[in-house]
1. When residues of the stretch 52-79 are filtered for being in contact with a helix residue (DSSP H, G or I) (Cβ under 8 Å, 6 or more places away or on another chain), open to solvent by 40 Å² or more (accessible area, probe 1.4 Å) and closer than 20 Å to residue 216 by Cα, how many remain?
2. If you take the residues of the stretch 126-158 that are assigned to a loop (DSSP other than H, G, I, E, B) and under 29 Å from the mean Cα position of the chain (by Cα), which of them is nearest to residue 107 (Cα to Cα)?
3. Could you tell me which residue of the stretch 159-181 is farthest from residue 201 (Cα to Cα), considering only residues that are under 27 Å from the mean Cα position of the chain (by Cα) and of a type outside the set (D, E, K, R)?
4. For the stretch 222-250, which positions are modelled with pLDDT of 90 or more and part of a helix (DSSP H, G or I)?
Amino acid sequence: MKYFHLIWAELMRRKTRTLLTLMSIIAAFLLFGLLDGVRESFEQAGNSANGAKRLQTGSRLSFIQPLPMSLNDRIAQVPGVSQVSYANWFGGAYQDPHNQIFSFAVAPNYLDLYPEIAVDKAQRKAFEATRTGVLVGEGLMKRFNWKVGQKLPLQSTIFPNRDGSKNWIFDISGVISATDKKSGAWFDQMILLHWKYFDDSTPYNTGQVGWYVTEVKDVNQADRIAKAIDAISANSDHESKTQTEAAASASWMKQMADIGLIVGSIMGAVFFTLVLLTGNTMAQAVRERTSELAVLKTIGFSSQSVLWLVLAESVLLMLIGGVVGVAIAGVLGPIVSTASGGAISVPPIGLNSWSLGLALMIGIGLLVGALPAIRAMRLNIVDALAGR
């Protein structure tokens, strides 16, 4: 620490260059903190179901594989289960097949399991009484200027109707909204239709459901209940996997893409660019003060001392930018999660992310400072002072 003032003075020799380099490092580690948080949330989502009020049961094979309707009553008989509902993905699009909307065919009691979804009592009653009725998120109502009572044409990107056409006509019976805008804003962007109407109208379903939603009586018994539900269909042709809703979403994403590989590839590209940038900065900084390094050797600094001074400068630069970047990611993570209405989960930066981040800071700092430091260590005093 006795040479810290010397290291700091060299680091601040070119303030503008140092500031721009720090901004690049901050941006890189800000991205690292956010992406690593997402990766950890996916990896930890299915560790335990305890604490979850609702469980989701889908096919163990694939999220697109349906389950038989016969499981409904058997799941309801599992000790600790309060009530069971079910749903199917509909895959609706409005006007353009690319303009897809979150649309689900749901059981009559589906809304009973979701107190975070608010529906006017009269409108819910109208929905239940209308076979072709749908409940539409208030965000969609405003976006497309729809009105309660009007016909709603949707095109299913998956299921044709009995006529072989993928064009479906529904009646808007009511509006759904999220009781908590911060965590459930995505409910405002969905459409719910009757599962019975859907099942009767398409030849591709016939008494099957996409997934079951189970409400448990005791959240501390959720793990046991999940295992009991999966035991019902064990060794059958429709084995199930019961997990929390967050874990189910993570599992769905993992089947679509390798999250770890995507995050790793992005961060690899970012840090490779960072190594080139900071490596060039350090090399230029050392070249500019060649004569000063020679003076240090002249007054008694050993070659090893000069080597460690340059390495310490490189590591300090990386630590300052890296710590600030990860700290900002820790603040922004929960804000991003809240702003997305829970659609994107970025948990606070944990100990594992901090440990990995610090290791990367030190490792990259040593890597980019190695060549300039070795050059400084091998510097010949006479040649350096002569400007050769």
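1. Summing the residues that are in contact with a helix residue (DSSP H, G or I) (Cβ under 8 Å, 6 or more places away or on another chain), open to solvent by 40 Å² or more (accessible area, probe 1.4 Å) and closer than 20 Å to residue 216 by Cα in the stretch 52-79 gives 4.
2. The selected residue is 158.
3. 179
4. Listed by number, the residues that qualify are 224, 225, 226, 227, 228, 229, 230, 231, 232.
The values are calculated or read from the model by the stated rules, or taken from the named source; none is laboratory data. Nothing here was measured: the structure is a model prediction, and the numbers come from that model. Note: ideal-geometry Cβ built from the backbone for every residue, glycine included; neighbour counts use all protein chains shown. Quick note on the areas: whole protein, heavy atoms, side chains included, nothing else; ligands and nucleic acids left out. Shrake-Rupley method; radii C 1.70, N 1.55, O 1.52, S 1.80 Å.
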